[in-house]
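Participant: Starting off with a structure, shown below.
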Amino acid sequence: MSQSLSARHRAALPSWLSLYYEEPIEIVSGRGRHVTDAAGNTYLDFFAGILTNAIGYDIAEISDAIRRQVDTGILHTSTLYLIRQQVELAERIGELSGIANPKVFFTNSGTEANETALMLATQRRRSNQVLALRNSYHGRAFGTLGVTGNRGWSASALSPVKVSYVHGGYRYRSPFRDLSDADYIAACVDDLREVIETTTAGDVACMIAEPIQGVGGFATPPDGLFGAFAEVLDEYGILLISDEVQTGWGRTGEHFWGIQAHGVTPAAMTFAKGLGNGLAIGGVVAEAGLMDCLTANSISTFGGNPISTGGAAAALEYLLDNDLQGNAAKLGTRLLDGLRAHAERCALIGDVRGKGLMIGIELVEPGTRTPAAAAAARVMELTKQRGLLVGKGGLHGNVLRLAPPMTLTDDEAAQALQILTETIALAEQELHR
Ligand SMILES: Cc1ncc(COP(=O)(O)O)c(C=O)c1O
């Protein structure tokens, strides 16, 4: 008998490239919010390729834009030549950014976007000192690993930046968690000031932060935290970089960028994932003075290629024309309300949090705050059996993550809610057996 694809995956690919599920699935086709695996099972997709298939599957407008470029015979030219789609997309993202006098640089991933932002800020400020948040994730290369505050994803201690971590992103396990929103923010601001004064040499380049921590389990700080941080950062001339790789493009419902919940415009924002609806594209948008501060050449060979920028432009217009941000707000509220109501009756659920279609359910041993990672793994299996794909994350691997395509319908939201409440209740019953 031929070896299974998952055995071949394990033999041919790195051990640290982990797969979901006891029996991993191979997704072979998709339509709307549904995907089908090689065995013919269809699933409602509530993780969307890690928040990347923001619009969904088989979207004619996006496929047509890609096909139009393929039909020219040109898949790639390089940034040595003018690329119309790249210029147009840069202009559009600049307009949407809210940053004054914006410029955009395109990359192929979120990691590269954050590496670029760190390089810009450290060059501009002539300092390799950086602030980041505990429980953060910003990517897999040396600079981005250097600002990742999550042991599970810190593959190396080698780093080009000297980082100091501050409190604030992950309230559920914070020493300040029992404070009111205002007091929590005040305590985090005091901590920030103390970290700057005690752990740095003073001339810090930037703070990089996710408005909602993605890999960290959709940890959601109170609105206004980053605005309060920015007041302190401004005193020291420290630049704020908002990592919008997960929170951008309206996914949080109430705003187009996650940082807007905090009443502050950052010096730079980084993006990737949802922009291309699956195409490999990321980038940085920053005020021109910051973007232009490099004094040597720098290129990304593939960054901003005509396929990814053409497809991403079509995805962005689709998202705006169909008010997917509004849909994320409406259905996100419905899901959050339903899950919070269920949490009242379910001791396995320690916390339900998030915004829009970015929702985390933190599972704990009933009556405690001890992370229930095995229960989360069990819910993953049970939801899969019932035709729902969800994500998992958090520092302890005990947080279920919901992030469906933003074209989600009322019926699909109701169906997912029912499967989730049923499977979490079942996992809780199994714990008591
Ligand atoms: C907030 C955040 N930043 C950066 C990245 C890295 O993006 P990529 O995997 O495209 O390099 C991720 C990936 O999950 C992310 O969630």
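Participant: From zero outward in steps of 10 Å, how is the percent of C-alpha pairs of the chain spread across the bins?
Facilitator: 5, 21, 31, 27, 13, 3, 0
Participant: Another question, if that's okay. Would you look at the GNM of the chain, springs on alpha carbons closer than 10 Å, and say which of Thr270, Thr220, Thr333 moves the most?
Facilitator: Checking each option, the largest mean-square fluctuation is seen for Thr333.
Participant: Would you mind working out the accessible area per residue for the chain, using a 1.4 Å probe, and quoting it in Å²?
Facilitator: 43 Å²
Participant: Separate question: Before anything else, pin down the relative contact order of the chain: Cα pairs under 8 Å, at least 6 apart, normalised by residue count, whole percent.
Facilitator: Over the chain, the number comes to 21 percent.
Participant: While we're here: Using the Karplus curve 6.51 cos²θ - 1.76 cosθ + 1.60 with θ = phi - 60°, what ³J(HN,Hα) values do you get for each residue of region 284-291, in whole Hz, with x for Gly and Pro?
Facilitator: With coefficients 6.51, -1.76 and 1.60, one gets 10, 10, 8, 4, 3, x, 6, 4 Hz.
Participant: If you stretched the chain out fully between Val87 and Leu179, how much longer would it get, using 0.36 nm times the residue separation minus the C-alpha to C-alpha distance?
Facilitator: 28.4 nm
Participant: Let me ask you something else. Just in region 19-96: which GluC sites (Glu not before Pro) are loop by DSSP and have at most 13 other Cβ atoms within 10 Å?
Facilitator: Answer by residue number: Glu22, Glu26.
Participant: Within region 235-253, whose backbone N sits under 19 Å from a point 7 Å along Cα→Cβ of Arg126?
Facilitator: Those under the cut-off are 236-239.
Participant: Roughly how many debye, to the nearest 20, is the charge dipole of region 105-151 about its Cα centre, given +1 on each Lys and Arg Cβ, -1 on each Asp and Glu Cβ, and no other charges?
Facilitator: 200 debye
Participant: For a quick check, take a GNM of the chain with Cα springs below 10 Å and name the residue from Ala414, Ala296, Ala377 with the largest mean-square fluctuation.
Facilitator: Between Ala414, Ala296, Ala377, it is Ala296 that shows the largest mean-square fluctuation.
Participant: For the chain, return all DSSP H helices satisfying: extent of Cα atoms along own axis at least 27 Å; mean Kyte-Doolittle hydropathy at least 0.0.
Facilitator: Helices passing the filter in the chain: none found.
Participant: For region 251-294, list residues with backbone N below 11 Å from a point placed 7 Å from the Cα of Asn101 toward its Cβ?
Facilitator: 287-292
Participant: Would region 101-205 count as rounded, prolate or oblate if I go by the C-alpha gyration tensor, calling it rounded below 1.5 in a/c and otherwise prolate when a/b exceeds b/c, oblate otherwise?
Facilitator: In terms of gyration-tensor shape, prolate.
Participant: A further question on this structure: With each pseudo-label sitting 7 Å past Cα toward Cβ, what's the Ile299-Leu75 distance in nm, one decimal?
Facilitator: Going from the Ile299 label point to the Leu75 one covers 1.9 nm.
Participant: Classify region 151-214 from the C-alpha gyration tensor, please: rounded if a/c falls under 1.5, else prolate or oblate depending on whether a/b exceeds b/c.
Facilitator: It is oblate, given that a/c is not under 1.5 and a/b is not larger than b/c.
Participant: Tally up the carbon and sulfur contribution to the accessible surface of the chain as a whole percent, 1.4 Å probe, everything protein left in place.
Facilitator: Here carbon and sulfur together make up 51 percent of the probe-accessible area.
Participant: Below 8 Å, C-alpha to C-alpha, sequence gap of six or more: please give me the relative contact order for region 74-321 in percent.
Facilitator: Answer for region 74-321 is 29 percent.
Participant: In addition: Just from its helices, what would the mean residue ellipticity at 222 nm be for the chain, if runs of 4 or more DSSP H residues each count -39500 (n - 2.57) and the sum is divided by every residue, rounded to the nearest 500 deg cm²/dmol?
Facilitator: -12500 deg cm²/dmol
Participant: Share of antiparallel DSSP beta bridges in the chain, in percent to the nearest 5?
Facilitator: 65 percent
Participant: GNM on the chain, C-alpha springs below 10 Å: top fluctuator among Pro175, Pro266, Pro306?
Facilitator: Checking each option, the largest mean-square fluctuation is seen for Pro175.
Participant: Next question. Points 7 angstrom from Cα along the Cβ direction at Asp234 and Ser164: gap in nanometres?
Facilitator: That separation, rounded to one decimal, is 2.1 nm.
Participant: Something else about it: Roughly what would the spin-label model give for Asp64 and Phe142, points 7 Å off Cα along C-beta, in nm?
Facilitator: With each label point 7 Å from Cα toward Cβ, the separation is 4.7 nm.
Participant: Mind checking which of Ile66, Leu192, Ala12 is farthest towards the positive end of the chain's charge dipole, using Cβ charges of +1 (Lys, Arg) and -1 (Asp, Glu) about the Cα centre?
Facilitator: It is Ala12, whose Cα lies furthest towards the positive end.
Participant: As an exercise, use a Förster radius of 56 Å and the Cβ-Cβ distance of Gln415 and Asp203 to find the FRET efficiency, rounded to the nearest 0.05.
Facilitator: Efficiency computed from Cβ-Cβ geometry: 0.55.
Participant: Only Lys, Arg, Asp and Glu count, each charged at its Cβ (+1, +1, -1, -1), so figure out the dipole size of region 126-250 about its Cα centre, rounded to 20 debye.
Facilitator: Computed about the Cα centre, the dipole is about 680 debye.
Participant: Can I ask one more? Using the Cα centre of the chain as the reference point, and only Cβ charges (+1 on K/R, -1 on D/E), how large is the resulting charge dipole? Debye, rounded to the nearest 20.
Facilitator: My answer is approximately 960 debye.
The values are calculated or read from the model by the stated rules, or taken from the named source; none is laboratory data. Not measured: the values here are computed from a predicted model. Backbone-built Cβ (ideal geometry, glycine too); neighbour counts: all protein chains shown. Keep in mind that these areas ignore ligands, DNA and RNA; they rest on the heavy atoms of the full protein, side chains included. Shrake-Rupley method; radii C 1.70, N 1.55, O 1.52, S 1.80 Å.
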